Amino acid sequence: MAIEKTTDAVVLVGGQGTRLRPLTLSAPKPMLPTAGLPFLQHLLARIGAAGITHVVLGTSFKAEVFEEYFGDGSKLGLEIDYVTETEPLGTGGGIRNVLPKLRGDHAMVFNGDVLGGTDLGAILDTHRNRDADVTLHLVRVGDPRAFGCVPTDADGRVTAFLEKTQDPPTDQINAGCYVFKREIIERIPEGRPVSVEREVFPSLLAEDARVYGHVDSSYWRDMGTPEDFVRGSADLVRGIAPSPALDGPRGESLVHPGAGVAPGALLIGGTVVGRGAEVGAGARLDGAVLFDGAVVEAGATVERSIIGFGARIGPRALVRDAVIGDGADIGARCELLRGARVWPGVTLPDGGVRFSTDV
Ligand code: GDD
Ligand code: MG
(Lines give C-alpha, C1' and ligand atoms only; values in the text may rest on other atoms or scores of the structure.)
(Ligands and ions follow the chains in the order given, each with its own letter.)
Protein backbone atom coordinates (compact mmCIF):
# COMPACT_ATOMS: atom_id res chain seq x y z
CA MET A 1 0.00 0.00 0.00
CA ALA A 2 1.28 3.47 -0.80
CA ILE A 3 2.80 5.19 2.20
CA GLU A 4 0.41 8.14 1.71
CA LYS A 5 -2.50 5.90 2.61
CA THR A 6 -1.01 4.83 5.88
CA THR A 7 0.33 8.19 6.98
CA ASP A 8 -1.33 10.49 9.49
CA ALA A 9 -0.64 14.21 9.59
CA VAL A 10 0.13 15.81 12.94
CA VAL A 11 0.05 19.60 13.13
CA LEU A 12 1.59 21.33 16.14
CA VAL A 13 -0.48 24.39 16.96
CA GLY A 14 0.08 24.78 20.70
CA GLY A 15 2.55 27.68 20.74
CA GLN A 16 1.70 31.04 22.27
CA GLY A 17 2.68 33.11 19.23
CA THR A 18 4.51 35.63 21.42
CA ARG A 19 6.32 37.27 18.52
CA LEU A 20 2.94 38.13 16.99
CA ARG A 21 1.54 39.81 20.09
CA PRO A 22 -0.77 41.59 20.56
CA LEU A 23 -2.67 39.82 17.76
CA THR A 24 -2.19 36.45 19.46
CA LEU A 25 -3.78 37.68 22.69
CA SER A 26 -7.19 37.04 21.11
CA ALA A 27 -6.44 34.30 18.57
CA PRO A 28 -3.82 31.56 18.34
CA LYS A 29 -1.24 32.22 15.61
CA PRO A 30 -2.45 29.50 13.21
CA MET A 31 -5.97 30.99 13.32
CA LEU A 32 -5.01 34.54 12.33
CA PRO A 33 -6.70 35.51 9.05
CA THR A 34 -4.37 35.19 6.09
CA ALA A 35 -5.70 36.07 2.65
CA GLY A 36 -9.18 35.71 4.12
CA LEU A 37 -8.79 32.32 5.80
CA PRO A 38 -7.36 31.16 9.11
CA PHE A 39 -3.71 30.51 8.35
CA LEU A 40 -4.05 26.83 9.27
CA GLN A 41 -6.60 26.29 6.50
CA HIS A 42 -3.91 26.82 3.86
CA LEU A 43 -1.77 24.14 5.48
CA LEU A 44 -4.70 21.74 5.91
CA ALA A 45 -5.58 22.19 2.23
CA ARG A 46 -2.01 21.24 1.26
CA ILE A 47 -2.16 18.17 3.46
CA GLY A 48 -5.47 17.13 1.91
CA ALA A 49 -4.19 17.81 -1.61
CA ALA A 50 -1.29 15.43 -0.91
CA GLY A 51 -3.79 12.64 -0.20
CA ILE A 52 -3.48 12.57 3.60
CA THR A 53 -6.95 12.69 5.13
CA HIS A 54 -6.41 11.98 8.83
CA VAL A 55 -5.08 15.01 10.70
CA VAL A 56 -4.35 15.28 14.42
CA LEU A 57 -4.02 18.79 15.82
CA GLY A 58 -1.78 19.04 18.89
CA THR A 59 -3.24 22.00 20.74
CA SER A 60 -2.51 23.83 23.98
CA PHE A 61 -2.78 27.63 23.93
CA LYS A 62 -6.40 28.64 23.13
CA ALA A 63 -7.12 25.01 22.24
CA GLU A 64 -10.91 25.36 21.91
CA VAL A 65 -10.73 27.83 19.02
CA PHE A 66 -9.50 25.19 16.57
CA GLU A 67 -12.31 22.71 17.10
CA GLU A 68 -14.95 25.45 17.07
CA TYR A 69 -13.81 26.44 13.60
CA PHE A 70 -12.75 23.20 11.91
CA GLY A 71 -15.03 20.73 13.72
CA ASP A 72 -14.55 17.17 12.50
CA GLY A 73 -12.86 18.44 9.33
CA SER A 74 -15.46 16.99 6.97
CA LYS A 75 -16.06 20.34 5.25
CA LEU A 76 -12.42 20.22 4.13
CA GLY A 77 -12.62 16.55 3.18
CA LEU A 78 -10.52 15.63 6.24
CA GLU A 79 -10.96 13.73 9.45
CA ILE A 80 -9.57 15.94 12.22
CA ASP A 81 -8.79 14.75 15.76
CA TYR A 82 -7.76 17.10 18.57
CA VAL A 83 -5.39 16.35 21.43
CA THR A 84 -4.95 19.10 24.01
CA GLU A 85 -2.02 19.58 26.36
CA THR A 86 -3.16 21.12 29.62
CA GLU A 87 0.43 22.20 30.24
CA PRO A 88 2.41 22.87 27.03
CA LEU A 89 4.61 19.84 26.33
CA GLY A 90 6.85 21.47 23.74
CA THR A 91 7.24 20.31 20.15
CA GLY A 92 8.50 16.79 20.96
CA GLY A 93 6.09 16.33 23.86
CA GLY A 94 3.27 17.48 21.60
CA ILE A 95 4.16 14.80 19.05
CA ARG A 96 4.38 12.09 21.75
CA ASN A 97 1.06 13.21 23.18
CA VAL A 98 -0.90 12.47 19.98
CA LEU A 99 0.46 8.90 19.70
CA PRO A 100 -2.83 7.22 20.78
CA LYS A 101 -4.57 8.85 17.80
CA LEU A 102 -2.07 7.71 15.17
CA ARG A 103 -3.21 4.92 12.88
CA GLY A 104 -0.31 4.29 10.51
CA ASP A 105 3.32 3.18 10.72
CA HIS A 106 4.53 6.68 9.80
CA ALA A 107 3.32 10.18 10.63
CA MET A 108 3.98 13.43 8.84
CA VAL A 109 4.45 16.19 11.41
CA PHE A 110 4.08 19.92 10.66
CA ASN A 111 4.82 23.11 12.52
CA GLY A 112 1.49 24.92 12.28
CA ASP A 113 2.90 28.27 11.20
CA VAL A 114 4.71 27.43 7.96
CA LEU A 115 3.51 28.68 4.60
CA GLY A 116 5.00 26.47 1.96
CA GLY A 117 4.73 24.96 -1.44
CA THR A 118 6.82 21.85 -1.10
CA ASP A 119 5.75 18.56 -2.66
CA LEU A 120 4.76 16.51 0.38
CA GLY A 121 4.65 13.31 -1.66
CA ALA A 122 8.31 13.79 -2.60
CA ILE A 123 9.27 14.02 1.09
CA LEU A 124 7.41 10.77 1.75
CA ASP A 125 9.25 9.20 -1.21
CA THR A 126 12.62 10.21 0.28
CA HIS A 127 11.56 8.76 3.62
CA ARG A 128 10.58 5.46 2.02
CA ASN A 129 13.53 5.21 -0.36
CA ARG A 130 16.01 5.83 2.46
CA ASP A 131 14.18 3.55 4.86
CA ALA A 132 14.59 6.45 7.28
CA ASP A 133 13.63 6.62 10.93
CA VAL A 134 12.97 10.33 10.47
CA THR A 135 13.07 12.49 7.35
CA LEU A 136 13.27 16.27 7.67
CA HIS A 137 12.22 18.78 5.05
CA LEU A 138 15.08 21.26 4.69
CA VAL A 139 15.28 24.61 2.87
CA ARG A 140 18.02 27.21 2.41
CA VAL A 141 17.56 30.68 3.89
CA GLY A 142 19.56 33.90 3.95
CA ASP A 143 19.90 34.03 7.74
CA PRO A 144 19.76 30.58 9.38
CA ARG A 145 20.25 31.87 12.94
CA ALA A 146 16.52 32.07 13.73
CA PHE A 147 15.96 28.42 12.76
CA GLY A 148 17.22 24.90 13.29
CA CYS A 149 20.42 24.53 11.27
CA VAL A 150 20.69 21.05 9.72
CA PRO A 151 23.86 19.99 7.88
CA THR A 152 23.74 16.81 5.79
CA ASP A 153 26.44 14.61 4.22
CA ALA A 154 26.80 13.82 0.51
CA ASP A 155 24.24 11.05 0.87
CA GLY A 156 21.60 13.35 2.41
CA ARG A 157 22.05 11.93 5.88
CA VAL A 158 21.66 14.50 8.68
CA THR A 159 24.94 15.01 10.56
CA ALA A 160 23.81 17.54 13.23
CA PHE A 161 20.83 19.55 14.44
CA LEU A 162 21.69 22.96 15.85
CA GLU A 163 18.64 24.89 17.02
CA LYS A 164 18.98 28.67 16.73
CA THR A 165 22.76 28.79 16.74
CA GLN A 166 24.62 32.09 16.33
CA ASP A 167 27.27 30.33 14.30
CA PRO A 168 25.45 28.18 11.70
CA PRO A 169 27.75 25.92 9.65
CA THR A 170 25.32 25.89 6.68
CA ASP A 171 22.36 27.89 5.35
CA GLN A 172 20.28 24.70 5.27
CA ILE A 173 17.53 24.78 7.89
CA ASN A 174 14.72 22.72 9.34
CA ALA A 175 11.58 23.71 7.42
CA GLY A 176 9.29 22.39 10.16
CA CYS A 177 7.95 19.28 8.41
CA TYR A 178 9.06 15.76 9.32
CA VAL A 179 8.13 12.17 8.61
CA PHE A 180 8.51 9.97 11.69
CA LYS A 181 8.44 6.23 11.97
CA ARG A 182 5.89 5.40 14.62
CA GLU A 183 8.50 3.53 16.73
CA ILE A 184 10.50 6.72 17.05
CA ILE A 185 7.49 8.64 18.38
CA GLU A 186 6.86 5.80 20.86
CA ARG A 187 10.34 6.38 22.29
CA ILE A 188 9.85 10.10 23.05
CA PRO A 189 9.53 10.46 26.84
CA GLU A 190 5.92 10.79 27.93
CA GLY A 191 4.29 13.25 30.31
CA ARG A 192 6.93 15.97 30.42
CA PRO A 193 7.96 18.84 28.12
CA VAL A 194 10.30 17.70 25.34
CA SER A 195 11.75 19.76 22.50
CA VAL A 196 11.98 17.82 19.26
CA GLU A 197 14.69 20.23 18.11
CA ARG A 198 16.85 20.34 21.24
CA GLU A 199 16.35 16.85 22.62
CA VAL A 200 14.80 14.31 20.20
CA PHE A 201 16.85 15.04 17.08
CA PRO A 202 20.23 15.37 18.86
CA SER A 203 19.71 12.11 20.75
CA LEU A 204 18.63 10.24 17.59
CA LEU A 205 21.79 11.49 15.86
CA ALA A 206 23.94 10.48 18.84
CA GLU A 207 22.70 6.90 18.55
CA ASP A 208 23.19 6.83 14.76
CA ALA A 209 19.51 6.58 13.88
CA ARG A 210 18.64 6.90 10.18
CA VAL A 211 17.81 10.62 9.96
CA TYR A 212 17.67 12.01 6.42
CA GLY A 213 17.11 15.43 4.90
CA HIS A 214 14.90 16.23 1.92
CA VAL A 215 16.17 19.51 0.49
CA ASP A 216 14.29 21.55 -2.07
CA SER A 217 13.87 25.16 -3.18
CA SER A 218 10.09 25.43 -2.85
CA TYR A 219 8.34 28.54 -1.51
CA TRP A 220 8.83 28.61 2.25
CA ARG A 221 8.09 31.08 5.04
CA ASP A 222 7.68 30.79 8.82
CA MET A 223 4.80 33.18 9.62
CA GLY A 224 5.84 33.72 13.24
CA THR A 225 6.88 37.39 13.14
CA PRO A 226 4.94 40.45 11.95
CA GLU A 227 7.36 40.98 9.04
CA ASP A 228 6.94 37.40 7.86
CA PHE A 229 3.20 37.38 8.44
CA VAL A 230 2.78 40.49 6.31
CA ARG A 231 5.04 39.11 3.57
CA GLY A 232 3.41 35.69 3.54
CA SER A 233 -0.07 37.18 3.43
CA ALA A 234 0.92 39.45 0.53
CA ASP A 235 2.55 36.52 -1.28
CA LEU A 236 -0.69 34.54 -0.99
CA VAL A 237 -2.72 37.44 -2.32
CA ARG A 238 -0.38 37.94 -5.26
CA GLY A 239 -0.08 34.26 -6.09
CA ILE A 240 3.62 34.09 -5.20
CA ALA A 241 2.84 31.64 -2.40
CA PRO A 242 0.76 28.65 -3.44
CA SER A 243 -2.38 27.57 -1.57
CA PRO A 244 -4.90 24.96 -2.70
CA ALA A 245 -7.38 26.72 -0.37
CA LEU A 246 -7.51 29.77 -2.64
CA ASP A 247 -9.07 29.60 -6.05
CA GLY A 248 -9.53 32.15 -8.78
CA PRO A 249 -7.11 34.75 -10.07
CA ARG A 250 -4.96 36.62 -7.62
CA GLY A 251 -3.81 40.22 -7.88
CA GLU A 252 -2.42 43.26 -6.08
CA SER A 253 -5.12 43.27 -3.42
CA LEU A 254 -7.94 41.21 -1.97
CA VAL A 255 -11.11 42.99 -0.82
CA HIS A 256 -13.62 40.86 1.04
CA PRO A 257 -17.39 41.00 0.69
CA GLY A 258 -18.99 43.67 2.82
CA ALA A 259 -15.86 45.85 2.85
CA GLY A 260 -16.10 49.43 1.65
CA VAL A 261 -13.30 51.05 -0.36
CA ALA A 262 -13.79 54.72 -1.25
CA PRO A 263 -12.90 55.93 -4.73
CA GLY A 264 -9.35 57.16 -4.96
CA ALA A 265 -7.98 54.77 -2.33
CA LEU A 266 -4.88 52.91 -3.50
CA LEU A 267 -4.57 49.22 -2.62
CA ILE A 268 -1.29 47.60 -3.69
CA GLY A 269 1.44 45.20 -2.60
CA GLY A 270 -0.86 42.29 -1.74
CA THR A 271 -3.09 44.30 0.60
CA VAL A 272 -6.01 42.47 2.24
CA VAL A 273 -9.19 44.28 3.31
CA GLY A 274 -11.25 42.10 5.65
CA ARG A 275 -15.00 41.65 5.88
CA GLY A 276 -16.82 44.81 6.86
CA ALA A 277 -13.60 46.85 6.85
CA GLU A 278 -13.62 50.42 5.52
CA VAL A 279 -11.00 52.36 3.57
CA GLY A 280 -11.45 56.11 3.11
CA ALA A 281 -10.79 58.33 0.10
CA GLY A 282 -7.15 58.88 -0.78
CA ALA A 283 -5.89 56.27 1.70
CA ARG A 284 -2.79 54.40 0.56
CA LEU A 285 -2.47 50.73 1.54
CA ASP A 286 0.70 48.94 0.48
CA GLY A 287 1.11 45.41 1.79
CA ALA A 288 -1.45 46.15 4.51
CA VAL A 289 -3.44 43.46 6.30
CA LEU A 290 -6.78 44.77 7.58
CA PHE A 291 -8.60 42.26 9.73
CA ASP A 292 -12.40 42.23 9.67
CA GLY A 293 -14.05 45.48 10.68
CA ALA A 294 -10.85 47.56 10.62
CA VAL A 295 -11.16 51.17 9.44
CA VAL A 296 -8.54 53.26 7.64
CA GLU A 297 -9.71 56.85 7.33
CA ALA A 298 -9.22 59.24 4.45
CA GLY A 299 -5.67 60.13 3.52
CA ALA A 300 -4.04 57.65 5.88
CA THR A 301 -1.11 55.48 4.81
CA VAL A 302 -0.64 51.87 5.93
CA GLU A 303 2.46 50.01 4.76
CA ARG A 304 3.51 46.43 5.63
CA SER A 305 1.40 46.48 8.79
CA ILE A 306 -1.38 44.49 10.40
CA ILE A 307 -4.50 46.29 11.60
CA GLY A 308 -6.43 44.14 14.11
CA PHE A 309 -10.15 43.42 14.27
CA GLY A 310 -12.17 46.62 14.48
CA ALA A 311 -9.15 48.88 14.94
CA ARG A 312 -9.28 52.40 13.46
CA ILE A 313 -6.53 54.41 11.77
CA GLY A 314 -7.42 58.10 11.79
CA PRO A 315 -7.24 60.53 8.88
CA ARG A 316 -3.74 61.17 7.48
CA ALA A 317 -2.10 58.85 10.00
CA LEU A 318 1.00 56.90 8.91
CA VAL A 319 1.42 53.25 9.96
CA ARG A 320 4.53 51.52 8.62
CA ASP A 321 5.99 48.16 9.74
CA ALA A 322 3.69 48.13 12.77
CA VAL A 323 1.07 45.98 14.46
CA ILE A 324 -2.15 47.56 15.68
CA GLY A 325 -4.13 45.49 18.19
CA ASP A 326 -7.84 44.73 17.98
CA GLY A 327 -10.09 47.72 18.63
CA ALA A 328 -7.24 50.22 19.02
CA ASP A 329 -7.99 53.76 17.91
CA ILE A 330 -5.14 55.66 16.27
CA GLY A 331 -5.83 59.39 16.09
CA ALA A 332 -5.45 61.61 13.04
CA ARG A 333 -1.87 62.33 11.86
CA CYS A 334 -0.27 59.87 14.31
CA GLU A 335 2.87 58.16 13.05
CA LEU A 336 3.63 54.57 14.05
CA LEU A 337 6.78 53.16 12.53
CA ARG A 338 9.43 50.40 12.64
CA GLY A 339 8.08 47.65 14.80
CA ALA A 340 5.62 49.71 16.84
CA ARG A 341 2.99 47.55 18.51
CA VAL A 342 -0.21 49.05 19.87
CA TRP A 343 -2.08 46.94 22.41
CA PRO A 344 -5.80 46.17 21.93
CA GLY A 345 -8.23 48.91 22.81
CA VAL A 346 -5.57 51.60 23.26
CA THR A 347 -6.58 55.07 22.10
CA LEU A 348 -4.03 57.53 20.75
CA PRO A 349 -5.33 61.09 20.49
CA ASP A 350 -5.06 63.04 17.24
CA GLY A 351 -1.39 63.85 16.60
CA GLY A 352 -0.49 61.98 19.81
CA VAL A 353 2.55 60.05 18.50
CA ARG A 354 4.86 61.63 15.94
CA PHE A 355 8.31 60.90 14.53
CA SER A 356 8.54 64.26 12.82
CA THR A 357 7.79 67.83 13.81
CA ASP A 358 5.86 68.91 10.73
CA VAL A 359 2.10 68.69 11.26
N1 GDD B 1 1.27 21.29 20.74
C2 GDD B 1 2.26 22.14 20.96
N3 GDD B 1 2.80 22.26 22.22
N4 GDD B 1 2.72 22.89 19.93
C5 GDD B 1 3.73 23.75 20.18
C6 GDD B 1 4.31 23.92 21.45
C7 GDD B 1 3.81 23.12 22.53
O8 GDD B 1 4.23 23.21 23.67
N9 GDD B 1 5.29 24.87 21.35
C10 GDD B 1 5.31 25.26 20.05
N11 GDD B 1 4.36 24.60 19.34
C12 GDD B 1 4.05 24.73 17.92
C13 GDD B 1 3.82 26.16 17.48
O14 GDD B 1 2.44 26.48 17.56
C15 GDD B 1 4.33 26.16 16.06
O16 GDD B 1 3.31 25.80 15.13
C17 GDD B 1 5.40 25.07 16.05
O18 GDD B 1 5.18 24.29 17.22
C19 GDD B 1 6.83 25.63 16.05
O20 GDD B 1 6.95 26.56 17.12
P21 GDD B 1 7.57 28.01 16.86
O22 GDD B 1 7.52 28.72 18.18
O23 GDD B 1 6.93 28.66 15.70
O24 GDD B 1 9.08 27.63 16.58
P25 GDD B 1 10.16 28.45 15.74
O26 GDD B 1 9.56 29.05 14.52
O27 GDD B 1 10.89 29.35 16.66
O28 GDD B 1 11.20 27.28 15.30
C29 GDD B 1 10.72 26.06 14.77
O30 GDD B 1 10.34 26.21 13.41
C31 GDD B 1 11.42 26.55 12.49
C32 GDD B 1 10.84 26.54 11.08
O33 GDD B 1 9.75 27.36 10.97
C34 GDD B 1 11.83 25.01 14.91
O35 GDD B 1 11.28 23.77 14.55
C36 GDD B 1 13.03 25.34 14.00
O37 GDD B 1 13.98 24.28 14.05
C38 GDD B 1 12.55 25.52 12.57
O39 GDD B 1 13.65 25.91 11.73
MG1 MG C 1 7.63 29.29 13.82
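The values are calculated or read from the model by the stated rules, or taken from the named source; none is laboratory data. Computed from a predicted model, the values in this text were never measured in an experiment. No Cβ is skipped: glycine too gets one built from the backbone with ideal geometry, and neighbour counts run over all protein chains shown. Keep in mind that these areas ignore ligands, DNA and RNA; they rest on the heavy atoms of the full protein, side chains included. Shrake-Rupley method; radii C 1.70, N 1.55, O 1.52, S 1.80 Å.
With among the basic types (K, R) and over 30 Å from D321 (Cα atoms) as the only criterion, which of R182, R221 stands out?
Values: R221 fails: over 30 Å from D321 (Cα atoms).
That would be R182, the only listed residue that is among the basic types (K, R) and over 30 Å from D321 (Cα atoms).
Okay, residues lined up against (1) among the basic types (K, R); (2) in contact (Cβ under 8 Å) with a residue 12 or more places away in the chain; (3) more than 14 Å from ligand 2 (Cβ to nearest atom); (4) within 19 Å of A175 (Cα to Cα):
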position: L12; (1), (2), (3), (4): no, yes, no, yes
position: P22; (1), (2), (3), (4): no, yes, yes, no
position: A50; (1), (2), (3), (4): no, yes, yes, yes
position: V56; (1), (2), (3), (4): no, yes, yes, no
position: S60; (1), (2), (3), (4): no, yes, yes, no
position: A63; (1), (2), (3), (4): no, yes, yes, no
position: E67; (1), (2), (3), (4): no, yes, yes, no
position: G71; (1), (2), (3), (4): no, no, yes, no
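For A107, are the conditions met, namely being at pLDDT 95 or above and farther than 25 Å from D228 by Cβ? Let's see the steps before the verdict.
On the way: at pLDDT 95 or above: yes; farther than 25 Å from D228 by Cβ: yes.
Considered against the rule, which asks whether it is at pLDDT 95 or above and farther than 25 Å from D228 by Cβ, A107 comes out as yes.
Where residues in the range 307-359 are acidic (D, E) and modelled with pLDDT of 95 or more, which of them is nearest to P22 (Cα to Cα)?
My answer is D326.
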*Looking at F61, F66, F39, F70, which is the one that is more than 29 Å from A209 (Cβ to Cβ) and open to solvent by 30 Å² or more (accessible area, probe 1.4 Å)?*
F61
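Just checking: which of the strands (runs of 3 or more DSSP E) contained wholly in the range 127-242 hold 3 or more residues that are within 16 Å of ligand 2 (Cβ to nearest atom) and open to solvent by 10 Å² or more (accessible area, probe 1.4 Å)?
Numbers: elements: 134-140, 172-181, 211-215, 220-222.
Strands (runs of 3 or more DSSP E) meeting the threshold: 220-222.
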*How many residues are buried (at least 22 other Cβ atoms within 10 Å of the Cβ) and either away from ligand 2 (no atom under 16 Å from the Cβ) or farther than 18 Å from R46 by Cα (or both) when one looks only at the range 97-117?*
5
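Listed residues S60, S74; which is out of contact with any Lys or Arg (no Cβ under 8 Å at 6 or more places or on another chain), over 18 Å from I188 (Cα atoms) and within 8 Å of ligand 1 (Cβ to nearest atom)? Give the steps one after another, and end with the answer.
Details: S74 fails: within 8 Å of ligand 1 (Cβ to nearest atom).
Going through S60, S74 in turn, just one is out of contact with any Lys or Arg (no Cβ under 8 Å at 6 or more places or on another chain), over 18 Å from I188 (Cα atoms) and within 8 Å of ligand 1 (Cβ to nearest atom): S60.
Report those helices (runs of 4 or more DSSP H) wholly inside the range 30-124 carrying at least 1 residues which are closer than 30 Å to P257 by Cβ.
Values: elements: 39-49, 64-70, 90-97.
Qualifying helices (runs of 4 or more DSSP H): 39-49, 64-70.
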